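This report refers to the structure that appears directly beneath it.
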Amino acid sequence: SDTKPGVIIYATGGTIAGSSTSNTDTTGYKAGSLGVDILIEAVPELKDVAIISGEQIANIGSSNVDQKTLLKLAKEINEKLKSDDTHGVVVTHGTDTLEETGFFLDLTVNSEKPVVMVGAMRPATAISADGPMNLLQAVSLAASDMANDRGTMIVLNDRIGSAFYTTKTNSTTLDTFMASDQGFLGTFIGSKPKFYFEPSTPVKKPTFDISKLDELPKVAILYSHQDQDVALLDMLVDKGAKGIVLAGNGNGSLSESVKTKVKELMENGVPVVRSTRTGSGFVTDKEEGIGSGYYNPQKSRILLTLALSENANMDQIREYFNSEV
Ligand SMILES: NC(=O)C[C@H](N)C(=O)O
């Protein structure tokens with residue numbers, strides 16, 4: 001009937017829109033080759049759960065998603081969610097950087113309505129392609145009244161994760177999106193979303209207004225390791241970085257020489273956030289570098305970018321990362 005909820009699918013590319021000449025190819029295919037209309041036509045069942053419209057934002061591998069794309073997407077979603085005709089939105093996206101876009105939207109979309117990120121690990125042409133079911137589940141979630149007030153969510157492999165905590169943990173397998181400590185919000189039975197809990201909001205989740213921004217400050221990530229070259233930090237600043245995230249060792253540990261450099265940069269107004277290369281856990285605040293709290297390096301980069309976009313000072317940035325113990 002006409003009373004079905006309206007769901008808009010914003011397509012950006014990725015493996016979910018990927019195709020290959022071989023049905024066993026799951027790595028050499030071309031990401032972002034099928035348009036949004038083809039994705040929708042491939043799953044006629046979408047029309048049973050929602051009134052669907054599709055919009056092509058880009059058709060690229062997710063490593064090519066840039067700040068222009070993020071700003072465009074966030075602005076369009078904020079605009080569309082104001083309409084009574086829109087119950088929720090779905091964003092199809094390559095999985096490699098899906099969590100960055102999801103986290104950015106989680107902090108910048110100002111609506112209680114659902115935003116659902118979805119991708120696939122196998123291209124559309126593969127045997128047992130996961131994209132069609134993932135898309136149907138994502139649309140069902142965006143059309144569900146249970147999905148409000150849960151922030152941006154990530155759907156893959158029958159699971160619902162919060163974009164705030166979820167990360168890609170495996171380079172090739174289907175069960176790649178996880179939040180090791182925080183877990184999932186729910187699962188799917190067939191295409192039906194089933195939540196474990198009523199909605200809740202991450203502790204001190206920040207929000208940002210990007211409506212007047214045309215660009216974002218540059219923040220770079222540097223991976224820590226033994227014998228780290230201190231000169232690379234200066235190079236990043238020379239090349240225009242306004243802030244730096246370190247994928248630090250363990251609880252954000254740095255060598256003595258990197259520590260000294262970080263102190264110097266911080267004194268000169270360049271915030272340095274110490275995150276962790278371990279893949280999970282909390283990084284505590286230290287004088288020599290802001291602790292990232294629960295934010296992994298790629299989420300720390302997005303948060304520091306947004307904090308700098310509103311000219312936050314060092315203390316405010318420390319507040320955002322909520323990493324004091
Ligand atoms: N599974 C994927 O979607 C990976 C792809 N390379 C992308 O992120 O665009």
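What are the residues in segment 186-209 that are free of Cβ contacts under 8 Å to residues at least 60 places away in the same chain and within 16 Å of the chain's Cα centre (by Cα), if any? Walk me through it before giving the result.
Pass one, segment 186-209, residues free of Cβ contacts under 8 Å to residues at least 60 places away in the same chain: 186-190, 192-202.
Listed by number, the list holds a single entry, Pro202.
Could you tell me which residue of segment 152-185 is surrounded by the most Cβ atoms within 10 Å (Cβ to Cβ), considering only residues that are among the acidic types (Asp, Glu) and within 24 Å of Ser128 (Cα to Cα)?
Of all residues in segment 152-185, those among the acidic types (Asp, Glu) come to 158, 175, 181.
With within 24 Å of Ser128 (Cα to Cα) added as a condition, the list becomes 158, 175.
Details: Asp158: 18, Asp175: 12.
Checked segment 152-185; the qualifying residue surrounded by the most Cβ atoms within 10 Å (Cβ to Cβ) is Asp158.
If we only count helices (runs of 4 or more DSSP H) wholly inside segment 1-95, which ones have 2 or more residues that are within 16 Å of the ligand (Cβ to nearest atom) and either within 20 Å of Pro132 (Cα to Cα) or within 17 Å of the chain's Cα centre (by Cα) (or both)?
Details: elements: 36-41, 46-49, 67-81.
Answer list for segment 1-95: 36-41, 67-81.
Which of the following residues is closer than 20 Å to Lys218 by Cβ, modelled with pLDDT of 95 or more and acidic (Asp, Glu): Glu256, Glu264, Glu319?
Values: Glu256 fails: closer than 20 Å to Lys218 by Cβ; Glu319 fails: closer than 20 Å to Lys218 by Cβ.
Of the residues listed, the single one that is closer than 20 Å to Lys218 by Cβ, modelled with pLDDT of 95 or more and acidic (Asp, Glu) is Glu264.
Please give the number of the condition Leu174 fails out of (1) assigned to a loop (DSSP other than H, G, I, E, B); (2) out of contact with any Lys or Arg (no Cβ under 8 Å at 6 or more places or on another chain); (3) of a type in the set (A, V, I, L, M).
(2)
The rows are residues; the columns are (1) among the charged types (D, E, K, R); (2) without any contact (Cβ under 8 Å) to a residue 24 or more places away in the chain; (3) closer than 26 Å to Thr173 by Cβ.
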{"position": "Gln56", "(1), (2), (3)": "no, no, no"}
{"position": "Thr69", "(1), (2), (3)": "no, no, no"}
{"position": "Asp84", "(1), (2), (3)": "yes, yes, no"}
{"position": "His87", "(1), (2), (3)": "no, no, no"}
{"position": "Thr95", "(1), (2), (3)": "no, no, yes"}
{"position": "Leu105", "(1), (2), (3)": "no, no, yes"}
{"position": "Pro132", "(1), (2), (3)": "no, no, yes"}
{"position": "Leu136", "(1), (2), (3)": "no, no, yes"}
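Taking only segment 96-111 into account, find how many residues are under 11 Å from the mean Cα position of the chain (by Cα) and part of a helix (DSSP H, G or I).
Here is the first cut: in segment 96-111, the ones under 11 Å from the mean Cα position of the chain (by Cα) are 96-107.
Narrowing further to those that are part of a helix (DSSP H, G or I): 98-107.
Residues that pass the stated criteria total 10.
Residue by residue through segment 162-197, note down the ones that are closer than 23 Å to Tyr295 by Cα and touching a helix residue (DSSP H, G or I) at 6+ places or on another chain (Cβ under 7 Å).
Within segment 162-197, Ala163, Phe164, Thr166, Thr167, Lys168 qualify.
Looking at segment 213-252, which of its residues are of a type in the set (Ser, Thr, Tyr) and not in a loop (DSSP other than H, G, I, E, B)? It would help to see each step written out before you state the result.
Of all residues in segment 213-252, those of a type in the set (Ser, Thr, Tyr) come to 223-224.
Scanning segment 213-252 gives a single hit, Tyr223.
Which residue, of Pro202, Pro206, is touching a helix residue (DSSP H, G or I) at 6+ places or on another chain (Cβ under 7 Å), over 21 Å from Arg277 (Cα atoms) and not assigned by TED's automatic domain parsing to the domain that holds Ile77? Walk me through how you get there before you give the answer.
Details: Pro202 fails: touching a helix residue (DSSP H, G or I) at 6+ places or on another chain (Cβ under 7 Å).
Of Pro202, Pro206, the one residue that is touching a helix residue (DSSP H, G or I) at 6+ places or on another chain (Cβ under 7 Å), over 21 Å from Arg277 (Cα atoms) and not assigned by TED's automatic domain parsing to the domain that holds Ile77 is Pro206.
Results for (1) within 17 Å of Phe103 (Cα to Cα); (2) part of a helix (DSSP H, G or I), shown as yes or no for each residue.
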| residue | (1), (2) |
| --- | --- |
| Ser275 | yes, no |
| Ser280 | yes, no |
| Glu287 | no, no |
| Lys299 | yes, yes |
| Ile302 | yes, yes |
| Thr305 | yes, yes |
| Leu308 | yes, yes |
| Asn311 | no, no |
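So Glu100 passes all but one of these: (1) touching a helix residue (DSSP H, G or I) at 6+ places or on another chain (Cβ under 6 Å); (2) within 11 Å of the ligand (Cβ to nearest atom); (3) of a type outside the set (Lys, Arg); (4) closer than 25 Å to Lys192 by Cα. Which condition number does it fail?
Looking at each condition in turn, Glu100 falls short on (4).
The values are calculated or read from the model by the stated rules, or taken from the named source; none is laboratory data. Predicted model only: the values in this text are computed from it and were never measured. Cβ: placed from backbone, ideal geometry, glycine included. Neighbour counts: every protein chain shown.
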